[in-house]
Amino acid sequence: MIQALHQQGYSLRDIATIVGCAHTTIYYEIRRGTPKPNSNRGRKPQYTAKRGQKAYEEHRKHSRRPLKIYCDDCEPFIQWMVTQVREKRWSIDACVGYLFCNLFNAKQIPCTKTLYNMLWAGKLPLSLFDVPQALKRKPHRKWNCKNKHMKGRSIDKRPVLSTLAQK
């Protein structure tokens with residue numbers, strides 16, 4: 001839709017009101033989908049939605065920080081942890097706690113929550129049956145604040161000051 005309206009000569013603000021978004025969003029989309037000119041000769045490059053989508057997907061690949069578990073520094077820790085869990089039946093918590101004190105550098109060890117998330121996602125070379133503690137972990141309970149006692153009285157229930165009422 002942006003491509004068709006842009007080729008018809010609509011302004012950015014007009015396109016934005018038709019599409020239902022901010023005009024800066026349309027500007028960034030058109031800038032993303034228009035290639036840079038190679039020279040001053042020939043046709044000016046035009047915006048295409050396909051090129052804009054491709055650029056968007058390429059930017060999204062690099063937008064998130066890579067997981068710590070995939071770096072080469074963590075590989076010895078992962079191998080050591082897998083052997084401890086399988087042979088000695090240690091929990092992931094025990095492995096991380098032991099290693100913070102002894103063998104590995106802190107930069108080489110991902111946090112416990114990351115390791116359990118990777119275990120649940122199937123990205124560790126362990127199964128849930130290798131780590132029975134993973135099945136026992138409970139999510140944190142969300143407390144209900146509906147019946148919470150409010151401190152003080154509402155401003156509507158306070159008495160009117162006589163000095164203000166006289167003025």
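The values are calculated or read from the model by the stated rules, or taken from the named source; none is laboratory data. Note that the structure is predicted; figures quoted are calculated from it, not measured. Cβ atoms come from the backbone with ideal geometry, glycine included; neighbour counts cover every protein chain shown. All accessible areas refer to the heavy atoms of the entire protein, side chains included, with ligands and DNA or RNA removed. Shrake-Rupley method; radii C 1.70, N 1.55, O 1.52, S 1.80 Å.
Assorted remarks:
- Any hit, the stretch 1-21, residues being in a helix (DSSP H, G or I), open to solvent by 100 Å² or more (accessible area, probe 1.4 Å) and touching a helix residue (DSSP H, G or I) at 6+ places or on another chain (Cβ under 6 Å): yes
- Scanning the stretch 114-147 for residues that are at pLDDT 75 or above and surrounded by fewer than 10 Cβ atoms within 10 Å (Cβ to Cβ), we see that the one that is nearest to the chain's Cα centre (by Cα) is Ala121.
The rows are residues; the columns are (1) modelled with pLDDT under 85; (2) within 30 Å of the chain's Cα centre (by Cα).
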{"site": "Gln7", "(1), (2)": "no, no"}
{"site": "His23", "(1), (2)": "no, yes"}
{"site": "Gln53", "(1), (2)": "no, yes"}
{"site": "Tyr56", "(1), (2)": "no, yes"}
{"site": "Ala94", "(1), (2)": "no, yes"}
{"site": "Gln108", "(1), (2)": "yes, yes"}
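- Residues that are open to solvent by 100 Å² or more (accessible area, probe 1.4 Å) and assigned to a loop (DSSP other than H, G, I, E, B) were ranked within the stretch 26-49; the one that is nearest to Ile15 (Cα to Cα) is Gln46.
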